[in-house]
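Asker: Pasting in a structure now, in structure tokens, and then I'll have a few things to ask.
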Amino acid sequence: MRILGIDPGSQRTGVGIIDVDGAGRVKHVHHVALNLLAAESFPQRLRILLDGLAEIMERFQPQEVAIERVFMARNPDSALKLGQARGAAMCAAVLRDLPIHEYAAKEIKLAVVGTGGAQKAQIQHMIGLILNLSGGLQADAADALAVAITHAHVRATANRLGVDVRQAWGRKG
């Protein structure tokens, strides 16, 4: 199973791709942070995001997509832009008929680090360990890999329990 993890952002969107075997073991395939700041306008940022994800999906052929849910930011304008970036990312997946699974930031941190209050550096460190990557990881790309790994863990648990993925993760059902 190939999973595409997405950490949506209005300036940079993290993308992480992993392969998962039947036992739930994960293997790194690709990661990148799509820089959207070169665009002249916000709608053009969304275009860069949509085109970038389309190219990545075409190249790597994921079978499922996992995306981080939007959290409420202090600045309403930032929250709206983040939601629009997330919507563009979801559209890229929906246009390819890929199933989308959503996870809150606290759920991702809990699944990868063991605590829902983990810091960015802790996530980057754990992703490096889990995927046996050397060198530093860009924060948005590490977050995207964390989303994909979270979904891989949930999928493996669902398979062991013989239930749907949404049932294996409590509030998803």
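Bear in mind that the values in this text are calculations on the coordinates, not laboratory data. Source: prediction; values computed, not measured. A quick note on method: Cβ atoms are made from the backbone with ideal geometry, for glycine too, and the neighbour counts reach across all protein chains shown.
Asker: Taking 0.36 nm per residue of separation and subtracting the Cα-Cα distance, what length does fully extending residue 134 through residue 1 add? Before the final figure, lay out the partial values.
Answerer: Values: separation 133, 0.36 × 133 = 47.88 nm, distance 2.38 nm.
Full extension of this stretch gives 45.5 nm more.
Asker: Hey, quick one: spin label on residue 161, modelled 7 Å out along Cα-Cβ, who in the stretch 97-119 has an amide N within reach, i.e. under 17 Å?
Answerer: Within reach of a label on residue 161: 101-104, 107-108, 110-112.
Asker: From the backbone phi of the stretch 10-27, what are the Karplus-calculated ³J(HN,Hα) couplings (6.51 cos²θ - 1.76 cosθ + 1.60, θ = phi - 60°) in whole Hz, Gly and Pro given as x?
Answerer: 8, 10, 9, 10, x, 10, x, 10, 10, 9, 10, 8, x, 8, x, 6, 10, 9
Asker: If contacts are Cα pairs under 8 angstrom and at least 6 residues apart, what is the relative contact order of the stretch 2-172 in percent? Don't skip to the end; give the middle numbers.
Answerer: Working: 302 pairs, mean separation 49.6, N = 171.
The normalised contact order for the stretch 2-172 reaches 29 percent.
Asker: Now a separate question. Among 18, 101, 112, whose Cα projects farthest towards the positive end of the dipole of the stretch 2-172, with charges put on the beta-carbon of Lys, Arg (+1) and Asp, Glu (-1)?
Answerer: Sorting the options by dipole projection puts first 112.
Asker: By counting other Cβ atoms within 10 Å of each Cβ, how are 20, 147 ranked from fewest to most?
Answerer: Numbers: 20 21, 147 32.
With the sparsest Cβ surroundings first, the list reads 20, 147.
Asker: Looking at the stretch 2-172 only, what percent of DSSP beta bridges run antiparallel? Nearest 5 please.
Answerer: Values: 15 of 23 bridges.
The antiparallel proportion sits near 65 percent.
Asker: Calculate how steeply helix 42-60 sits against the longest principal axis of the alpha-carbon atoms of the chain, using the helix alpha-carbon long axis, and give the answer as 0 to 90 degrees to the nearest 10.
Answerer: So the helix axis and the longest Cα principal axis differ by about 40 degrees.
Asker: Here is a follow-up. Apply the Kirkwood formula to the stretch 2-172: the hydrodynamic radius equals the inverse of the mean of 1/r over all pairs of different alpha-carbon atoms; give it in Å with one decimal.
Answerer: Working: mean 1/r = 0.0626 Å⁻¹.
16.0 Å is the Kirkwood radius here.
Asker: Sticking with this structure for a sec: Would you compute the Debye intensity of the stretch 1-47 from its alpha-carbon atoms alone, equal scatterers and no solvent, and pass along log10 I(q)/I(0) at q = 0.13, 0.19, 0.21, 0.23 Å⁻¹ to two decimals?
Answerer: The computed values of log10 I(q)/I(0) come out as -0.39, -0.63, -0.70, -0.76.
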